[in-house]
Every structure is written in structure tokens, then in C-alpha cells.
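Report on the following structure.
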Amino acid sequence: MIDLKAIDDLARRLGDSLPPGVNQAKDELENQFKRVLTGAFERMNLVGREEYDAQCEKLEELREQLQALEARLDEVP
């Protein structure tokens, strides 16, 4: 999931870095920055921290199950 607050903050900082003569177009440029950044992040297929942590937890559970099955196989004559 894309953190829209972070994108808004980044677009605002980009807008703040513009030279003083461009102030009248600042809002329009910030909106364009937001569109470009959002599109770029969406194309990257990024996942959020919560989804990543959930997948790591599932992976750990599967590792434990695999180790238990391997131990049972070692016990088979």
C-alpha cells in the first residue's frame, strides 16, 4: 500500500524547493508531483509494512512445520 501522507509530504517539499518566481504555479506543480510519484510507486508493486510482516510470520510458521515434518521423517525406519 502506498503511504499517501508520505507522497503528499514529498510533493510539498519538492514544491517548497522551487525558486520564488514559480510561486503562482506551485500548487499545480505539487499536484503534478503527486501524480508522478503515485504512478511511479504503483508501478513498483510495493507492499506495505503490515503485509510484509504478515507474510514473514506465515513464512516462519511454514518453516516450523517443515522442520517438524523433517524430524518425523528422520524417525521413520
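Any read-out appearing in this document is the output of simple, stated calculations on the displayed coordinates, not a laboratory observation. On a predicted model such as this, the values are computed, not experimentally measured, just so you know. Neighbour counts run over all protein chains shown; Cβ positions are idealised from the backbone, glycine included.
Tabulated values for the structure
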{"read-out": "Condition check for R49: within 16 Å of K5 (Cα to Cα), loosely packed, with under 10 Cβ neighbours inside 10 Å and out of contact with any strand residue (DSSP E or B) (no Cβ under 6 Å at 6 or more places or on another chain)", "value": "yes"}
{"read-out": "Residue in region 34-53 that is within 18 Å of L10 (Cα to Cα), aliphatic (A, V, I, L, M), under 13 Å from the mean Cα position of the chain (by Cα) and not in a helix (DSSP H, G or I) present", "value": "yes"}
{"read-out": "Residue count for region 1-46, restricted to those that are hydroxyl-bearing (S, T, Y) and loosely packed, with under 12 Cβ neighbours inside 10 Å", "value": "1"}
